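The values are calculated or read from the model by the stated rules, or taken from the named source; none is laboratory data. Keep in mind the model is a prediction, meaning the values are calculated, not measured. No Cβ is skipped: glycine too gets one built from the backbone with ideal geometry, and neighbour counts run over all protein chains shown.
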Amino acid sequence: MVNSLCKKRYPRAFSEETTQGEDGYLVYRRRNDGRTFQKTPDGFAYDNRWVVPHNPYLTKMFNAHINVEVSADIRNVKYLFKYVYKGPDRVATVIAGPINEIQQYIDTRYLSVGEGVDSLLSFKKHMEWLPVTRLVVHLPGQHNVIFNENEDLAVMAERATHQKTTLTAYFAYNTQNANGRNMVYANFPTDHVWKIREKVWSARQRGEKAVRRMYFVHPVVGERFFLRLLLTVVPGATFFEHLRTVNNIEHPTFQAAYKTLGLLQDDAKWDTCMREACIDQDAKRLRNLFVTLLLFCSPLNPEVLWERYRDDMSHDMRHRRITNGGITDDAYYNTLLLLEAKLALTNKGLHDFPKMPLALPFVKMLRVNPQLAAELDYDKDVLHGYINQNFPRLNIC
């Protein structure tokens with residue numbers, strides 16, 4: 001119980017049919033058919049609102065209460081892979097002794113019994129299927145190069161010049177073959193296979209598909225961001241200059257080519273940017289991205305982007321609010337506060353963007369000089385206590 005409310009949100013509301021909920025979980029059908037049962041000595045009558053979703057087979061097998069629910073949301077994938085790739089558990093160890101004048105904190109790895117057994121028995125930690133084909137996005141001559149520190153500089157430079165990437169190999173394949181010129185770079189792995197050793201693309205022979213993922217590029221990067229946008233709309237590109245050519249006129253920049261295509265007249269690119277970021281970015285990074293779009297990309301209708309992606313930007317707080325019995329509007333309000341605070345670091349605010357909702361009444365408070373406020377945000381009593389405790393430990397010459 002939290003604030004006299006069940007943190008699992010029971011009793012649930014009656015529902016005539018199963019529907020998709022806002023948090024990714026299903027809202028199961030709970031018919032108001034008058035059926036009840038009594039379990040407690042006080043004779044309290046439980047109806048369908050109190051039934052916990054479960055699987056009778058698992059309940060009987062393990063002789064335990066097991067809550068089983070279906071959750072269908074892209075955020076579940078983000079949640080799963082966050083724990084797969086976050087690395088091993090770590091613990092802060094304190095080393096104290098007469099030799100050490102100041103306590104030294106060492107970040108160490110913690111290996112649990114279960115993880116130790118899995119490693120000894122060579123069990124797989126996780127498995128991925130379908131295969132994921134990662135598509136790099138880079139400007140001419142700016143691809144990643146791996147080299148040995150003892151390698152000759154001239155040899156390394158020569159190898160880097162002829163090194164192939166998924167992007168340059170895509171250009172080469174379209175130059176030599178016509179069967180892929182109707183596909184944009186982002187969809188190319190649907191019918192083609194990337195051979196890692198040979199660094200070439202080949203036509204897919206078997207029916208097995210692959211998940212394609214083009215690397216995310218932040219709008220602040222500039223030219224590379226517009227290169228990525230062009231790769232999503234221009235099919236069959238054969239070289240970088242091809243992407244910059246519109247109506248037989250080669251433009252000096254990818255941004256100019258994108259603008260000539262008439263794709264800079266609305267917020268479609270920023271909508272695409274936010275939509276793709278929602279796939280694998282958490283709520284905090286989505287808020288940072290939205291602030292970047294407001295400051296540097298001048299979207300025509302930022303309030304439309306806010307309405308469309310506010311659920312993703314406030315997902316962490318919405319989850320907390322729903323779990324604790326709060327309301328969703330509070331989470332939206334707190335998200336606006338965080339956006340206001342980030343904009344205040346650049347002496348901006350939501351009021352600088354027409355039609356954007358404001359997080360009143362805290363706006364005036366956040367318009368104070370943020371750097372000065374951060375420097376003055378300290379507790380004198382805590383600092384005095386720290387000095388009194390540690391000053392005697394100093395070596396006196």
Do we have Val217 as under 24 Å from Asp282 (Cα atoms) and buried (at least 18 other Cβ atoms within 10 Å of the Cβ) here?
yes
Filtering region 17-50 down to residues that are free of Cβ contacts under 8 Å to residues at least 12 places away in the same chain and part of a strand (DSSP E or B) yields Thr19, Phe37, Gln38, Ala45, Tyr46
Within region 236-349, considering only helices (runs of 4 or more DSSP H) that don't extend past its boundaries, which have at least 3 residues that are modelled with pLDDT under 85?
268-280, 315-323, 328-344
Does Glu276 fit the bill of being buried (at least 16 other Cβ atoms within 10 Å of the Cβ) and not basic (Lys, Arg)?
yes
Got at least one residue in region 238-253 being in contact (Cβ under 8 Å) with a residue 60 or more places away in the chain and among the hydrophobic types (A, V, I, L, M, F, W, C)?
yes
Scan region 245-252 and tell me whether some residue there is among the polar types (S, T, N, Q), closer than 15 Å to Leu167 by Cβ and either assigned by TED's automatic domain parsing to the domain that holds Thr168 or touching a Leu at 6+ places or on another chain (Cβ under 9 Å) (or both).
no
